[in-house]
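Some notes on the structure that comes next.
The values are calculated or read from the model by the stated rules, or taken from the named source; none is laboratory data. A quick note: this is a predicted structure, and the numbers were derived from the prediction, not measured. Counting neighbours? That spans all protein chains shown, and the Cβs are built from the backbone with ideal geometry, glycine included.
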Amino acid sequence: MNKACLFLLLGLSAATHAGEDIDPPEIALGERLFLETRFAQAHAARPGAADPVMATTATTDSPLPGPFAGQTMNCRACHMVDEHADAHGMRSYADFARRPPIPARNDGKRLAERNSQALVASAIAPEGKLLLHYDGEFASLQDLVSATLTGRNYGWLPDEHTQAIHHIARVIREDDGKGALAREFGGSYRQVFAAADAVPPALRLPVSFRLDVDQASDGEIVAAVARLIGGYVADLDFSRDAQGRHDGSPYDVFLAANGIDRAPAADEDATPYSHRLLDELQALRQPVFIDGTSHRFTTHDRAFVFGAQELAGLKAFLDPRRGNCAACHVPPEFTDTRLHNTGASELDYERVHGHGSFARLAVPAAADRGAADLPPSTRHPEASGRFRAIPSSQDKGQADLGAWNTVLNPDLPHSQAALRAKLCPAGGCDDDTLLNRAFAAFKTPGLRDLGHSAPYLHDGSRDDLAAVIAFYREVSERARTGGLRHPAPELAGVNIAPQDIAPLVAFLRALDEDYD
């Protein structure tokens, strides 16, 4: 699915974006809501008080001053851009932590289960079935946003859903228009949603987005908020030319300089395109390299280059007998948007409980799995969530099994068709086979601008790209020798030699661009 299709699904007008530097009103309001710090449970409990979790920004090293200190949780606290750019570099809507801190409540949780995902280009769906979050929990941005605003990352417990909806709606209705966001984005929420005359024309919502917040129900207000934030997230993308082809990274510039297609042909799927791309690269006799003289980075502290080492890394990446990386990270988006078990959860568990311990973890089969085994939800607030948990030395039953938690989960009806299509693309999976394919499986992330989203993997356990490649060397060897539980079949084809590591790192760095 291209971006225009996604806008249509969200009810947004892609045409209003073409050639404009100024965001349309619905995107601007989505950004304001993304930044809003009053939707959290801590604000409902203590209006005007600070949530201590906002005082600092967690990193893999020493904490930084929090950009929203003195306030309560918002989306931007975990999905940053330039908040710490001067000292620590830009972000592509990711944070700096292995797992982000969350507001303290009486359930004892202090961290989110997974690393914050970079949001730029996160909502692409080349096969037409959108799945979001590492485990494919959501089939639409609106569902994801609504669950986030009313969920644990905002401090709300599963049995507080009704209170959360009421509180968010009250913030919208009672906004007095005097806050910093209101001054920047057109006045009170009542005015902006009504497109009142006092709202500047550039911020006046199209008719289809307008809402009388006094007449609307709490649920209708929260749905409108979620739709607008979802539209804002859908609008986050990397640089593209007029034909919709990526053009912002050294890799893109190199392909263009050598007359190689930067995207599949109209009737060509991504996998055949990646095979053709490798053939064309192998046939290059005098490649035109990018030496950093005609292009420069402004947000990465290094030269804008694509040379012989980057080319060697690209060939290894595409070669099914070497890196086999494109089996899942298919160009030009560098993701197949499917779910695979790469062994990350197994190694995470074994760091706590020892080698071989994950193989002994007792996990119920489809017929035996009940609501208590699954993550807590509004319908089942007391569920254990033990298989979507950070491994703990105090409890050997806690692990993160990824999409195992989402497939066949009756509390997630909207995601089931897409999950089954992603995990069983040929069809015909019975429930046990489906559950085995979902076991410890996570959605393939895109690889563009990785320099702005470290640390890596869903557990944030790898600090740099060399460490990620070392991880794949380890898990691929274990997959070939039967040392991983339900591994993705693609892993066995990964044959990264020691001499491939530096070229692969160079190539991956050549996918960076100046996201701003």
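Some notes on this structure:
- Checked against (1) at positive phi; (2) at pLDDT 95 or above, Gly292 meets all criteria but (2).
- So Asp279, is it in contact with a His (Cβ under 8 Å, 6 or more places away or on another chain), of a type outside the set (A, V, I, L, M, F, W, C) and outside any loop (DSSP other than H, G, I, E, B): no
- Those residues of segment 190-208 which are of a type in the set (Gly, Ala, Ser) and surrounded by 14 or more Cβ atoms within 10 Å (Cβ to Cβ), in sequence order: Ala194, Ala195, Ala196
- Residue in segment 430-441 that is crowded, with 22+ Cβ neighbours inside 10 Å, of a type in the set (D, E, K, R), under 29 Å from Leu111 (Cα atoms) and in contact with a Leu (Cβ under 8 Å, 6 or more places away or on another chain) present: yes
- Against the criterion of being farther than 30 Å from Ala58 by Cβ and part of a loop (DSSP other than H, G, I, E, B), Ala426 qualifies.
- Output for segment 27-59, where each listed residue is surrounded by fewer than 16 Cβ atoms within 10 Å (Cβ to Cβ) and small (Gly, Ala, Ser): Ala45, Gly48, Ala49, Ala55
- Every condition in (1) touching a Leu at 6+ places or on another chain (Cβ under 9 Å); (2) not polar (S, T, N, Q); (3) not in a helix (DSSP H, G or I) is met by His458 except one, and the failing one is (1).
- Leading residue by the ranking (farthest from the chain's Cα centre (by Cα)) among those in segment 60-108 that are crowded, with 16+ Cβ neighbours inside 10 Å and hydroxyl-bearing (Ser, Thr, Tyr): Thr72
- Taking the listed residues Val213, Val199, Val192, the one that is aliphatic (A, V, I, L, M), over 30 Å from Ala266 (Cα atoms) and out of contact with any Gly (no Cβ under 8 Å at 6 or more places or on another chain) is Val213, with no other qualifying.
- For Leu419, the conditions (1) outside the structural domain of Ile390 (by TED's automatic domain parsing); (2) under 23 Å from the mean Cα position of the chain (by Cα) are fulfilled apart from (1).
- Of everything listed in (1) hydrophobic (A, V, I, L, M, F, W, C); (2) touching a His at 6+ places or on another chain (Cβ under 7 Å); (3) over 18 Å from Ala123 (Cβ atoms), the single unmet condition for Phe238 is (3).
- Residue check, Tyr515 under 25 Å from Asp82 (Cα atoms), out of contact with any strand residue (DSSP E or B) (no Cβ under 9 Å at 6 or more places or on another chain) and among the hydroxyl-bearing types (Ser, Thr, Tyr): yes
- Selected residue (only one of Gly187, Gly177, Gly248, Gly230 is surrounded by fewer than 17 Cβ atoms within 10 Å (Cβ to Cβ) and either in a helix (DSSP H, G or I) or of a type outside the set (Phe, Trp, Tyr) (or both)): Gly177
- Taken together, the residues in segment 352-379 that are out of contact with any helix residue (DSSP H, G or I) (no Cβ under 9 Å at 6 or more places or on another chain), part of a loop (DSSP other than H, G, I, E, B) and over 18 Å from Pro391 (Cα atoms) amount to 2.
- Residue check for Tyr273: part of a helix (DSSP H, G or I), among the aromatic types (Phe, Trp, Tyr), under 29 Å from Phe471 (Cα atoms) and outside the structural domain of Ala497 (by TED's automatic domain parsing): no
- Among the residues of segment 79-128, those that are assigned to a strand (DSSP E or B) and among the aliphatic types (A, V, I, L, M) comprise Met80, Ala94, Leu111.
- Scanning segment 384-406 for residues that are free of Cβ contacts under 8 Å to residues at least 40 places away in the same chain and assigned to a loop (DSSP other than H, G, I, E, B), we see that the one that is farthest from the chain's Cα centre (by Cα) is Gln394.
- Scanning segment 190-209 for residues that are under 20 Å from Ile22 (Cα atoms) and in a helix (DSSP H, G or I) returns Val192, Phe193, Pro201, Ala202, Leu203, Val207, Ser208, Phe209.
- Selection status of Leu211, closer than 30 Å to Ser415 by Cα, buried (at least 20 other Cβ atoms within 10 Å of the Cβ), assigned by TED's automatic domain parsing to the domain that holds His43 and more than 27 Å from the chain's Cα centre (by Cα): yes
- The single condition among (1) of a type outside the set (Phe, Trp, Tyr); (2) closer than 29 Å to His79 by Cβ; (3) without any contact (Cβ under 8 Å) to a residue 40 or more places away in the chain that Leu203 does not meet is (3).
- Cβ-Cβ under 7 Å pairs, at least 6 apart or on other chains, segment 284-299 side part of a loop (DSSP other than H, G, I, E, B), far side of a type in the set (D, E, K, R): Phe297/Asp514; Thr298/Asp514; Thr299/Asp514; Thr299/Asp516
- Selection of first residues in segment 484-511 that are at positive phi and of second residues that are part of a loop (DSSP other than H, G, I, E, B), restricted to Cβ pairs under 6 Å at least 6 apart or on distinct chains, gives the following pairs, ordered by first then second residue: His486/Asn341; His486/Phe439.
- Residues located in segment 438-453, provided they are part of a loop (DSSP other than H, G, I, E, B), within 15 Å of Ala344 (Cβ to Cβ) and of a type in the set (A, V, I, L, M, F, W, C): Phe439, Ala440
- If the condition is being under 21 Å from Leu339 (Cβ atoms) and either outside any helix (DSSP H, G or I) or modelled with pLDDT under 95 (or both), then segment 484-516 contributes Leu484, Arg485, His486, Pro487, Ala488, Val494.
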